[in-house]
Amino acid sequence: MDPSEITRSETEHGFQYLYQGPDGMPPAELSGAIAGPHLWSADHTLVPPAYRGQGIARVLVERLIADAREAGVKIRPRCSYVAAQFTKNPEWSDLLPL
């Protein structure tokens, strides 16, 4: 999967990362809320069954991490998948709110 195929959209209250696969299946997504001026809440990750096991969810989270670093915000990992990735990647711990 090419990370450049991920699109990000944002509203006043939330954000969404989407990966649209080549076969017209529903997109894989990571979505969340803008919980404050310096805090994002990663609430939900969904990868359609046809895409599972290909590392797509991981790439969505890596994009979230990169964007959070660039924006100078912390991430509250409310989604169990995102929380597990934070556990597996202690180098991301600086992005967790105190």
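The values are calculated or read from the model by the stated rules, or taken from the named source; none is laboratory data. What you see is a predicted model, and the numbers here were worked out from it, not measured in a lab. All Cβ positions, glycine included, derive from the backbone under ideal geometry; neighbour counts span all protein chains shown.
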Residue count for the stretch 38-58, restricted to those that are within 21 Å of LYS74 (Cβ to Cβ) and either of a type outside the set (Ser, Thr, Tyr) or modelled with pLDDT under 95 (or both): 8
GLN16 surrounded by 15 or more Cβ atoms within 10 Å (Cβ to Cβ) and either of a type outside the set (A, V, I, L, M) or more than 14 Å from the chain's Cα centre (by Cα) (or both): yes
Conditions (1) part of a helix (DSSP H, G or I); (2) in contact with an Asp or Glu (Cβ under 8 Å, 6 or more places away or on another chain); number of the one not met by TYR81: (2)
Residue list for the stretch 19-42, restricted to those being free of Cβ contacts under 8 Å to residues at least 24 places away in the same chain and either over 24 Å from ASP94 (Cβ atoms) or surrounded by 15 or more Cβ atoms within 10 Å (Cβ to Cβ) (or both): GLN20, PRO22, GLY24, PRO26, PRO27, SER31, ALA33
Among (1) of a type outside the set (Gly, Ala, Ser); (2) within 24 Å of ASP2 (Cβ to Cβ); (3) surrounded by 14 or more Cβ atoms within 10 Å (Cβ to Cβ) - the single one ARG76 does not satisfy: (2)
Considering residues of the stretch 48-73 that are surrounded by 16 or more Cβ atoms within 10 Å (Cβ to Cβ) and of a type in the set (Asp, Glu) only, the residue nearest to LEU30 (Cα to Cα): GLU62
Single match in ALA35, ALA28 (criterion: within 19 Å of GLU5 (Cα to Cα) and either modelled with pLDDT of 95 or more or among the small types (Gly, Ala, Ser) (or both)): ALA28
